[in-house]
Structures are given as C-alpha cells and as structure tokens.
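> Here it is, the structure, as structure tokens.
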Amino acid sequence: MNISAKFPNVDITRQRFLQLIFVDINGVPKGLEIPIERYEEAVEDGIAFDGSSIPGFQGIEDSDLIFKADPSTYAEVPWEGIARVYGYIYKDGKPYGADPRGVLRRTLKRLEKEGFKAYIGPEPEFYLFKKNGTWELHIPDSGGYFDLVTLDKARELRREIALYMPSFGLVPEALHHEVGKAQHEIDFRYDEALKTADNLVSFKYIVKAIAEMRGLHATFMPKPLYGFPGNGMHLHISLWRNGENAFAGEDGLSETAIHFIAGILKRAKALAAVTNPTVNSYKRLVPGYEAPVYISWGYRNRSTLVRIPAFQNSGARIEYRCPDPSANPYLAIAAVLMAGLDGIKRKLEPDAYVEGNVYNMTEEERNRRGIETLPGSLGEALEELKKDRIVRDALGEAYRNFIAYKENEWSEYVTYLESEGLPVKTKKVTEWELERYFYI
C-alpha cells in the first residue's frame, strides 16, 4: 500500500519514523516510535503496548493495551526529522476507560447531545532556568511584566517558539514576559476543546524542546520558586449552538452562560483536584496573595475565580482563573465542562458576584458575601472530589485511577514532611516537589 496515496500529508522520503503519543494520568506525554511504513496499521488496527508502567494505567496482571492513531493530529517535528500523531487507547477492542483523551472525547459527545460545542483558549505560563545540575535554580533574566528590551533576555527564544508552533497546528497570538523574573507567556488561538487539549500538550513539548536546544530548562511547575509568582493556565471558555455563541446575550452574557458559571462555582472545590492536581499547585493558590482562590465571579474583575472579559458580539466567554499547567488538559477540560453543563441543565444561579477587589476584603466581609475559598492542599481537594458526583462522573472510569494515584502522591508528601519536621501546609517549595514536578 502506498501510504502517501491514502494519507496525502505523509511523505516517507522526509519522515522515517513516527511517534505515537498519548498522555498518562498526570497529562505527561508517553509513547513509542514506529517506522513510518506502519502508519496505516497504527490508524486502522492499532499498535499494542504494555500499560503496566504508565502512571495511572493498568496493573501488571492485565496490561495489554492498543494505541490507535488519530490521523487528524499528524504533524512533522521540524527539528528532528520525524513525525508525531496523537490517538486513543483501547483494551479488548473497546475504548480504554482511563485514557484521558478518550475521557474528553466522551464528554464532548455528551455536550453535543445537549446541542453544544465547546471552544477553549488557554493562557499557559512557564519559567526558564539555566541548567546547572542542582536544585539551585539560576534565573537567566531579570525582566518583569511586559518588559521588551534590556531586561528580557529570552525574547528571541519566545519568537523561535512562536515560529515553530504553526508546524503543530497552533496559531500564536501574543508573546510577552510575565511578572516573575524569567517567567513567560505565549498565548495561542482558541479552538475546539479536544484540539485545545492536544495543543497544550504540543505547546509544552515545543517550549521544552527549544529551551533545551538553547541550554535552558523550561518548567510549567505551578510554583517553582518560593516568593516568586506562580505559573497559571487561565481557561477562556465558550459554548456554541447552531453556529452561534450560546454565551452571548442581548445585553451581556446569556442565561446559558450565567448557569454555566453557577455550575463551575458550585463545584470549584472538587474541580481543584483536577485543575490543580499537584502538591505544588497549592503553593500558588495561597490566600492573601494575588492568586484566584476566592470562589466568586464578576465582569472584568481579575480578583475573582471566574472573570467575564470585556467582549463584543460573538466574543462572549468566561475566564476560569485557577487552573495551572500541571493539570492533565484532557481531564481538566472534561471536568470543567461537565460542571458547567450541570449548571445549565439545572438552571443554577451563581452566588458571590463581586465588583470590588476580593483580595482587599476582610474575611468577615467575604463571609458576609458568601465567598468561600478553594482547598488549601491537594489532600483537601481530593476529599472534595470524593464527595462530588458530577466531577467524579466527568472523569468516568479514569476517576478510580486518578484518585488512587493522587492519594498515594499526597501520602508520600506528608511522609516526607514528617521526616523533615515540616508542617503540612508549609509555603516553602521543598526539594521533594522540585524532584517530582520540575520536569512537568
């Protein structure tokens, strides 16, 4: 069979090998390489692999899984001379329940039954460090928010990343230095939810690869440095119906959007376990700082958990501000969408509307307004997740794997703190966290 005849975008004279990529329960890319000549087999029959060593997948006693390539995700990696493709995991001829990409696909089918299509635009932040072989992190520039010239030593690297992004189907829209020294953000165009989740995996890969080529290390760890701003990943979300933005009302947001917000706020504590799924996530989500920890909403208000950006016509959307880049994008997006959909179906009304700065309010004032706070640790977030049926159901069969893996992670951390004589909610970033999350 002539592969190029069946897949016109594949040129076996340029690409000799193909990476088959999926993500584990943590959202970390995993996979294997095959000769490009096996591409048709990967699409139609799938390629077998052992899932027992993949975090959050099968046990060793029942570990045979199949990867089937999704040809719509095929892309060539310009600097390596290979191609890559995402896909879905199967077991015994059926979709594998703990496959994160499969979880999101199922979620989107549920949305479609209600007449909706979801579009999402992310804002992932990252740090760049000089590599020196120790956990003493060297900062390569001293720039601050929106610095352009003298203080921003990484501007050329950001441009290089942006130039490579279209090869993977990403459209860069804005590049800038963030608040922290050596902290950066590159925004790319919103897309359908599944494509956006794929794009986030691709984006992290591009950033890390280009940084590596330039002798730097890029990390999306939520809080790599104590006393420095954390890395967030705000999500801009809108639902569309029959080709029109269902969040756009006659004089602002539609009732659909308001109900969607209510669904997210109602389940924000349980969602945190999925959108902020690491011990380190809660070093960023600390009350008293400019972190989106207060469960509230408002128009143009950057101190609230859910913000309504200024918009015109079909640009209506909400911005969910607490997620961070350590989240598995497939699971996080699935959970947020199902929480919002539950709000729509039950016609929930959101509490805790705020026009002022929530950070400046006293605890008494926040209590009077009904403004609650996100969990203070991964352990607390996991307990909230256990109690929330909607978020649990959003994860489907992956829930059991996710909760088991994360509870073990939390237990390991508590044991480490006890051995070091540290309090459970220490704000310091520990070496345990750096070893575990620095390569996220």
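The values are calculated or read from the model by the stated rules, or taken from the named source; none is laboratory data. The shown structure was predicted, so the numbers you read here are calculated from the model rather than taken from an experiment. Note that we place each Cβ from the backbone using ideal geometry, even for glycine, and neighbour counts take in every protein chain shown. Just so you know, the surface numbers come from the protein's heavy atoms only, side chains and all, with ligands and any DNA or RNA stripped out. Shrake-Rupley method; radii C 1.70, N 1.55, O 1.52, S 1.80 Å.
> Could you please tell me the mean projected area of the C-alpha convex hull for the stretch 222-268, averaged over all directions and given in square nanometres to one decimal?
Mean projected area of the Cα convex hull: 5.2 nm².
> So, one more: With only alpha-carbon atoms counted, please give the Rg and Dmax of the stretch 156-245, in Å.
14.5, 48
> Regarding the chain, what's the average projected area of the Cα-atom convex hull, expressed in nm²?
Answer in nm², one decimal: 22.5.
> Rounded to the nearest 0.05, what FRET efficiency is calculated for residue 17 and residue 242 with R0 set to 60 Å and r the Cβ-Cβ distance?
0.90
> Carbon and sulfur: what percent of the chain's accessible surface (1.4 Å probe)?
Ligands and nucleic acids excluded, carbon and sulfur give 48 percent.
> While we're looking at this one, here's another question. From the convex hull of the Cα coordinates of the stretch 31-74, what is the mean projected area in square nanometres?
3.5 nm²
> Restricting the calculation to Cα positions, tell me the Rg (one decimal) and the Dmax (whole number) of the stretch 252-300 in Å.
Final numbers for Rg and Dmax: 12.8, 38 Å.
> Can you compute the modelled spin-label distance between residue 416 and residue 9, with each label point 7 Å from Cα toward Cβ, in nm?
Taking the simple label geometry, residue 416 and residue 9 are separated by 3.9 nm.
> Continuing with this model, one more query. Tell me, what is the Rg over Rh of the stretch 290-440, with Rh the Kirkwood radius over Cα pairs?
0.99
> What accessible area per residue comes out for the chain, rounded to a whole number of Å², with a 1.4 Å probe?
44 Å²
> Of all the stretches in the chain, which is the longest one without any exposed loop site, taking chymotrypsin sites (Phe, Trp or Tyr not before Pro) in a DSSP loop (any state but H, G, I, E, B) with at most 13 other Cβ atoms within 10 Å?
No qualifying site falls inside 290-438, the longest such stretch.
> Show that you can apply the helix-only estimate: for the chain, add -39,500 (n - 2.57) for every DSSP H stretch of four or more residues, divide by all residues, and state [θ] at 222 nm to the nearest 500.
-10000 deg cm²/dmol
> Taking every Cα atom in the stretch 272-363, find the radius of gyration and the maximum pairwise distance Dmax, and write them in Å.
So, for the stretch 272-363, Rg and Dmax equal 14.0, 40 Å respectively.
> Note down the relative contact order for the chain as a percent, whole number, built from C-alpha pairs under 8 angstrom at least six residues apart.
For the chain, the relative contact order is 16 percent.
> For the stretch 192-350, what relative contact order do you get, as a whole percent, if you take Cα pairs closer than 8 Å and at least 6 residues apart?
31 percent
> For the chain, what is the charge dipole size about the Cα centre, in debye to the nearest 20, if Lys and Arg each add +1 at the Cβ and Asp and Glu each add -1 at the Cβ?
Magnitude of the dipole: close to 560 debye.
> Rounded to the nearest 0.05, what FRET efficiency do residue 427 and residue 400 give with R0 = 41 Å and r taken as the Cβ-Cβ distance? Could you check?
With R0 = 41 Å, the Cβ-Cβ based efficiency is 0.80.
> Give the share of C-alpha pairs in each 5 angstrom bin for the stretch 1-127, from 0 to the last occupied bin, in whole percents, shortest bins first.
Result, from short to long distances: 2, 9, 18, 19, 17, 15, 12, 6, 1, 0 percent.
> So, one more: Need the C-alpha centroid separation for the stretch 210-253 versus the stretch 383-410, integer Å.
Each part reduced to its Cα centre gives a spacing of 23 Å.
> Considering just Cα atoms, how many Å³ per residue does the convex hull of the stretch 211-362 enclose?
For the stretch 211-362, the hull spanned by Cα atoms encloses 141 Å³ per residue.
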